[in-house]
Every structure is written in structure tokens, then in C-alpha cells.
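The values are calculated or read from the model by the stated rules, or taken from the named source; none is laboratory data. All of these numbers come straight from a predicted model, not from anything done at the bench. Methodologically, a virtual Cβ is constructed for each residue, glycine included, from the backbone with ideal geometry; neighbour enumeration extends over all protein chains shown.
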Amino acid sequence: MQKVDVGRTILSANEQHALKNARMLAEKRKACLNMISSPGSGKTTLLCKTIKHLKGQLRVGVIEGDIQTEIDADRIRATQAPAIQINTEGACHLSAAQVSKALAQLPLDDLDLIVIENVGNLVCPGAFDLGENGKVVVLSVAEGDDKPIKYPAIFAKSIALVINKIDMLAMGVSDDFDLDKAMADAKRLNKDIKIFPLSAKTGEGMDAWCDWLKTNWRF
């Protein structure tokens, strides 16, 4: 009896769709980032504030991944940016095929950057290429500074790390979060990773993050 590696088959099919996405985005000269984090890190708030900060400078569209609802997509649309919702109905990650369908619904000719807000999970989404130019991992100080060493794969694969909710450090709410340790652990896993400590709520650190996006993710 011939053995079939189901996991390998699924990944192979996904890679084919991812390659098609990457080729299409390259042909249209559009940048794409895949944003990954645990639930509650503040990804959607970060995206809303980023879109507003970059208004008139970088045109951003969003693909939203959630198990259910259009709550986050509606928040993005309230900023006047286009957003396409994907509901995975229980799956813990987005697939390249799902992203392909969503890309076809976005007004790509009117955008510079597409951000994929993946399903909240630090494990599964990191294993699936979606055709993006790079992955961005978001960590909030409320989650603890041990995430890079507990979930090393996504930090090793990402081109950037956003450490969100640093306003909580000044308030003493998360005074057990060691910012230097979290950054050092991420750098040990990936010496080239760009790190942006910021607060999407207060705006602290947003300039550096948005400047990086403007400088690197407009073709």
C-alpha cells in the first residue's frame, strides 16, 4: 500500500497557489505583508491607526482572516480603506487559495500595499505561505516576554516584529514584561528582524513603523 503524506500534499497545493499570488502581485507591482499574532495583540487597532497615519502617503488594502464575523473588516472599512473578509469557519490559518480569491476582490490598481491580517494564532499561520513579500509578527506586552522563545518559528521567519501596547509598561500594568529580553530573544532567532516597540493606542513609536512601511513597501 502506498503511503500518502497528507500534510505534505496540503502544503504542496498551498505553495502552488502562493506562487500564483506572488507572481500576480509582482506583475502588478504591489507589496504584500502577512501579519500574524495571538488573539488580542491589537493587530486590527494597529492596522486602523497605520492606515490613518499613512493617509495620502501609502494606499493600504486589507484582507481580514477570522473564524467568524466581519467585525474587524468593518473596523478597517471605517477608515475608508478597502477590506475583504475571509471567514475560515474553524480553520486556524488562511490558505493561499482563499487569499487569491480575496485579492481578486480588492481594487489593486488603487493600492500600494496589501496587508493580510491572519487568523489569531502564532503557530499554524506561519507554516503557510500566502504569496506575501514577508511576514510581520505582532506581540503585545500583555502576552508576556517569553513568546519568542516559546514560539520561535514565526519570529525566525518574520521580517519585522511589532511589540504593541508599550503604554502598559509606563502604567505599570505589565511591569513584568522585559522589553530588552523580548527584543534580544527575537534577534537571537533572526538577526535581521526589524523591531518596532510602539503603542497603537497612544501613537508612541508609530512614526518609525510607518516610515519603514513607506520606505520599503511601495514599488
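Residues that are in contact (Cβ under 8 Å) with a residue 24 or more places away in the chain, surrounded by fewer than 19 Cβ atoms within 10 Å (Cβ to Cβ) and farther than 16 Å from residue 217 by Cβ within region 99-109 comprise 100, 107, 109, listed in sequence order.
Restricting attention to region 110-132, the residues that are surrounded by fewer than 22 Cβ atoms within 10 Å (Cβ to Cβ) and among the β-branched types (Val, Ile, Thr) add up to 2. In the condition set (1) more than 22 Å from residue 157 (Cβ to Cβ); (2) within 16 Å of the chain's Cα centre (by Cα); (3) hydrophobic (A, V, I, L, M, F, W, C), residue 177 is compliant with all but (2).
Counting the residues of region 22-49 that are surrounded by fewer than 23 Cβ atoms within 10 Å (Cβ to Cβ) and polar (S, T, N, Q) gives 3. Residues in region 152-182 that are more than 10 Å from residue 141 (Cβ to Cβ) and polar (S, T, N, Q): 158 only. Take the conditions free of Cβ contacts under 8 Å to residues at least 12 places away in the same chain and either among the aliphatic types (A, V, I, L, M) or within 19 Å of residue 72 (Cα to Cα) (or both) and apply them to residue 96. Does it pass? Against the criterion (free of Cβ contacts under 8 Å to residues at least 12 places away in the same chain and either among the aliphatic types (A, V, I, L, M) or within 19 Å of residue 72 (Cα to Cα) (or both)), residue 96 does not qualify. Could you tell me which residue of region 53-66 is farthest from residue 141 (Cα to Cα), considering only residues that are surrounded by fewer than 14 Cβ atoms within 10 Å (Cβ to Cβ) and without any contact (Cβ under 8 Å) to a residue 60 or more places away in the chain? That would be 56. Taken over region 146-165, the criterion of being crowded, with 22+ Cβ neighbours inside 10 Å and part of a loop (DSSP other than H, G, I, E, B) is satisfied by 158, 165.
The condition (being under 17 Å from residue 41 (Cβ atoms) and modelled with pLDDT under 95) is satisfied by just one residue among 198, 139, 179, 169: 169.
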